[in-house]
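The values are calculated or read from the model by the stated rules, or taken from the named source; none is laboratory data. Predicted model only: the values in this text are computed from it and were never measured. A quick note on method: Cβ atoms are made from the backbone with ideal geometry, for glycine too, and the neighbour counts reach across all protein chains shown. SASA here: full protein model, heavy atoms, side chains in, ligands and nucleic acids out. Shrake-Rupley method; radii C 1.70, N 1.55, O 1.52, S 1.80 Å.
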Amino acid sequence: MHGNQLLLEEPIRMASILEPSKPTVYPSMTKIVGTLGPKSRSVEIISDCLNAGMCVARFDFSWGDIDFHQETLDNLRKAVKSTDKLCAVLLDTVGPELQVVNKAEHPISLEADTLIVLTPDQEKEATSNLLPINFRGLAKAVKKGDTIFIGQYLFTGSETTSVWLEVSEISGEDVVCIIKNSATLAGSLYTLHVSQIRIDLPTLTDNDKKVISTWGVKNKIDFLSLSYTRHAEDVRHARDFISKLGDLNQTQIFAKIENIEGLTHFDEILQEADGIILSRGNLGIDLPPEKVFLFQKAAVYKCNMAGKPAVVTRVVDSMTENLRPTRAEATDVANAVLDAGGAKTWTDAIILGAETLRGVYPVETISIVGKICAEAEKVFNQDLYFKRTVKYVGEPMTHLESIASSAVLFYLGLLNLCFLVRAAIKVKASVIICFTSTGRAARLIAKYRPTMPVMSVVVPRLQTNQLRWTFTGAFEVRQSQIIRGIFPMLADPRHPAESTSATNESILKVALDHGKASGLIKSHDRVVVCQKIGDASVVKIIELED
């Protein structure tokens, strides 16, 4: 697949579009995060999701209790074991999310051009004229004319399960609103989003801290999605909190940008966070529709240049209830993966929310999204992307980054040569194998977006806290699952990552055997190996025999 890259600058034969895509051993280089919930929590369904291409499992704590999510995670572990597929765990906090509580759980029909009251009195029953909310300060935060959105899954553009309100008057702690569209609210809990208004609540709430310090610590979560990140200080505060929770000092923090305040402080947040989640759900209603794509492209570009994962949400909402995405959604997925110029932005991962959490077709959704991503990856202009990234990084590079970029540059030349003389010979590197103890070297290589997979071979290190001996490596392997193009494996700790002995060849053989077993490598393939031997960093190419 990777030896026959098309560039968007080339004329594409229309007939080639009708040719069926060749099957691959992995759905796409772009990673897929699936939200597990009522429709995707059995061992069987989770196994199918893993086989379809899910790399990270998201646990959304804005609904469901700890016991529910624990049972789901236990099923995930069984599925991982039965499928032999790696899967990382992401805990998504609730944050300062405002909610409407419908204790009776009966559907609430709302009619356009009528009045409705939002009250902090949660003892009252939700009706078509009154909705209880979980925040007493709403009346002080809003003014007449402000816009409020309410729904279980806020506006996708076509659904009638979200409502748009306009503040009409303030009455004590109550907010009276005019209903702007007819809708039916279903379920027990709805999100309330006030457009472009700061809500005076902490980003990491007491309830979030309780979930993290219990469920998160027990399950050694790989990622923490910090909802409603508004300032770099939010990330620093969350990092300080989890750094004191044992193994969670290795947990990576992804800042979730979903309002104007987070957008305004994006650059500082990017510096502090390990990755960025572009929450197009809330952000998409906080921004004018015509501005959403501008933020997405600018934010992903900044993440690419910083070498930090960029994750995009809300791409195939219609697949919550349908077997196929809309034409616009299919195009949106491709554009999230690949900008029209072929190299301006490149999303590392896509989060599926309602589509897998409550959707009728969770497995099919993951499969289709993976196929769309794979098709977009075929037209990636790696040459242009590489030059832009090197220019952005500038000189002098760090020693490790220089090695990483050189490895990609060498094989970029090989692929160009292959392209120019493909009529005579077919020579390609099928994979780059990178030996690492922290995963950093592999991430740097992935930053330059090689067109072939990067097999990150993480070699555990032995460490002690004077009370017990433990091996590192497990976190690093799972955390690579969210980075575009990296396919990690955990090596035998008896094989050191840096050595001058024959163990170098031994561990390389293990990696090659793993690549063959997984289908990434086959006979006569050329393989790039990035390895440290003694004090020297070595990049070499080998051609496999039968």
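Remarks
- The dipole here belongs to segment 237-343: it is taken about the Cα centre, uses +1 on the Cβ of Lys and Arg and -1 on the Cβ of Asp and Glu, and is about 220 debye.
- For segment 99-194: rounded, prolate or oblate by the Cα gyration tensor [a/c cutoff 1.5]: oblate
- Stretching the chain fully between Leu115 and Asn207 yields a gain of 29.8 nm (0.36 nm per residue, less the alpha carbon separation).
- Gained length - Ser42 relative to Asp67, 0.36 nm times residue gap less alpha-carbon distance: 7.5 nm
- Per-pair calculated FRET efficiency, R0 = 25 Å: Val217 and Asp492 via Cβ, rounded to 0.05: 0.35
- Cα-projected label distance for Asn51 with Ile260, points at 7 Å along beta-carbon direction, nm: 4.9 nm
- Portion, in percent, of the accessible area of segment 205-301 that falls on carbon or sulfur, probe 1.4 Å: 54 percent
- Apportionment of accessible area to carbon and sulfur, segment 21-129, percent (1.4 Å): 49 percent
- Annotation: peptides 86-93, 519-526, 75-82, ranked by per-residue average of other Cβ atoms within 10 Å with the highest first, follow the order 86-93, 75-82, 519-526.
- Pairs exceeding 27 Å between alpha-carbon atoms, taken from Lys297/Lys371; Lys220/Lys540; Lys218/Lys302; Lys31/Lys103; Lys81/Lys509: Lys220/Lys540; Lys218/Lys302; Lys31/Lys103.
- Between Lys140 and Ala104, the contour length at 0.36 nm per residue exceeds the Cα-Cα span by 10.2 nm.
- Using the Cβ-Cβ distance between Gln250 and Glu290 with R0 = 30 Å, the FRET efficiency computed as 1/(1 + (r/R0)^6) comes to roughly 0.15.
- Highest-first arrangement of 358-365, 188-195, where packing means the average Cβ count within 10 Å: 358-365, 188-195
- Principal axis analysis of the Cα atoms in segment 108-260 yields extents of 53, 31, 28 Å, listed in decreasing size.
- Across segment 78-109, the residues whose backbone nitrogen lies under 13 Å from the label position 7 Å along the beta-carbon direction of Ser188 are 101-106.
- Calculated FRET value between Glu233 and Glu545, using beta carbons and R₀ = 60 Å, to 0.05: 0.60
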